[in-house]
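Peer 1: Take this structure, written in structure tokens, and hold onto it; I'll ask about it next.
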Amino acid sequence: MPTVARVFGLSLLALSMFLYPQEVLSSAGGGLTLWWRFVLPALLPFFILSELLMAAGFVHFLGILLESFMRPVFRLPGKAAFVVAMGYTSGFPMGAVLTARLRQTGEITREEGERLLAFTNNPSPGFMFGAVASGMLGKPALGIILSGSVYLANLFVGFLFRFYRVTPGSEQPKRSPSLKRAWQEMKNAQSKDDRAFGEILGDAIKQSTTTVLMVAGFMAFFSVILGLLNIWHIPSLLAILIHSIIRIVPIPVLQAFINGLFEMTLGCQVAIQALPMLHQQVALLSLIMGWSGLSVFAQVAGFISGTDLRFSPFVIARVLHGIIALGLSQILLLIAKVPTATLSIQVPSTTVLFWNTWHLSSLVFVGLMTLLVILSMKSVARG
């Protein structure tokens with residue numbers, strides 16, 4: 001029966017693409033435009049950099065120094081700190097790609113991989129500041145509120161998942177950080193990779209480009225599916241059906257929420273149109289970005305398919321992430337003073353958005369790497 005349903009669904013999708021070719025082209029183009037503006041500059045440079053750093057043994061070096069920090073807080077090895085930093089720098093699906101890599105090489109256990117996967121997937125800072133805060137809301141200052149609530153909520157999810165599948169005897173023995181041991185571990189990792197630097201760089205670019213193009217395909221495909229669903233008024237019908245059960249929630253809000261369940265960007269756009277009050281918009285935006293959408297789910301599922309990592313913990317984490325981010329956004333709004341008037345801003349060109357996104361991701365990367373180095377030095381000093 002699942003096979004029959006799959007064939008029926010794909011046949012219906014193919015027929016719909018023939019019936020609505022213009023809408024399909026428009027939807028696919030919208031998804032690829034978003035990929036070009038916000039995903040490519042946030043992912044490709046840092047994918048290449050992460051490949052080079054892993055080949056250089058930096059992950060092993062950092063792992064020894066940050067073991068005493070990551071184990072007590074998240075019940076993860078020190079190497080996971082690198083995945084956290086890169087995931088928060090570049091957004092989806094960087095966390096899933098690097099987590100799958102560590103699991104495939106046996107650097108982390110299955111349970112550790114599922115804990116790490118749970119809290120290393122966020123929207124990129126360029127998307128939150130550029131696309132949502134500045135572009136959709138016209139209030140750049142809200143980028144701090146949105147990114148703060150999303151990032152803090154994900155860290156809280158990571159802390160909650162430290163209690164996930166903890167069995168007696170699974171705790172690793174505590175070892176004091178050692179700069180000498182970290183350096184030796186890095187040299188050992190380098191000795192296992194006999195490729196020349198030119199070959200390492202070529203492989204990094206090839207692998208990173210393939211991964212980023214795969215993300216582009218996911219985004220275009222799910223943009224088409226959601227475009228077709230809206231042509232058939234499926235989100236509207238579902239919103240009416242849910243409203244008949246939960247009458248306290250208005251239909252436009254439910255429609256925005258349902259769009260966000262499928263695809264984050266369109267859900268954010270509809271949420272801003274559906275809600276008149278700023279705190280309501282920020283609440284629903286935080287919820288949608290914490291959830292991330294089925295398009296991101298499909299990307300993560302694709303990247304971890306070659307491992308034994310279970311997908312259900314990731315889904316549970318996204319539900320928690322969305323709910324906690326919603327609550328934190330309201331707390332941050334009460335603390336911060338955000339102008340209520342919509343700013344009259346000029347929408348930047350595609351080239352400007354590209355470089356702004358790269359710039360924001362670079363600042364986040366430098367900041368997180370600096371923080372990790374400081375934590376490493378403190379760990380060595382205490383040891």
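The values are calculated or read from the model by the stated rules, or taken from the named source; none is laboratory data. Remember, it's a predicted structure, so these values are computed and weren't measured experimentally. A quick note on method: Cβ atoms are made from the backbone with ideal geometry, for glycine too, and the neighbour counts reach across all protein chains shown.
Peer 1: Can you tell me which residue is farthest from Phe303 (Cα to Cα) among those in the range 86-101 that are of a type in the set (Gly, Ala, Ser) and in a helix (DSSP H, G or I)?
Peer 2: Ser90
Peer 1: If you don't mind, there's one more thing I want to ask. Looking at the range 87-106 only, could you name the residues that are hydrophobic (A, V, I, L, M, F, W, C) and either over 16 Å from the mean Cα position of the chain (by Cα) or crowded, with 24+ Cβ neighbours inside 10 Å (or both)?
Peer 2: Phe92, Met94, Ala96, Val97, Leu98, Leu102
Peer 1: What do you reckon, is Ser27 of a type in the set (S, T, N, Q), modelled with pLDDT of 85 or more and crowded, with 16+ Cβ neighbours inside 10 Å?
Peer 2: yes
Peer 1: So which of Arg71, Arg37, Arg6 ends up being crowded, with 17+ Cβ neighbours inside 10 Å, basic (Lys, Arg), over 20 Å from the mean Cα position of the chain (by Cα) and in a helix (DSSP H, G or I)?
Peer 2: When all the criteria are applied, what remains is Arg71.
Peer 1: Can you tell me which of Gly78, Gly126 is at pLDDT 85 or above, touching a Phe, Trp or Tyr at 6+ places or on another chain (Cβ under 9 Å) and over 20 Å from Phe314 (Cβ atoms)?
Peer 2: Step by step, each of Gly78, Gly126 is checked, and only Gly78 is at pLDDT 85 or above, touching a Phe, Trp or Tyr at 6+ places or on another chain (Cβ under 9 Å) and over 20 Å from Phe314 (Cβ atoms).
Peer 1: Do we find that Glu185 is out of contact with any Phe, Trp or Tyr (no Cβ under 7 Å at 6 or more places or on another chain), within 27 Å of Leu52 (Cα to Cα) and in a helix (DSSP H, G or I) in this structure?
Peer 2: In short, no.
Peer 1: Ser50: in contact (Cβ under 8 Å) with a residue 12 or more places away in the chain, of a type in the set (Ser, Thr, Tyr), surrounded by 18 or more Cβ atoms within 10 Å (Cβ to Cβ) and closer than 25 Å to Met369 by Cα, yes or no?
Peer 2: yes
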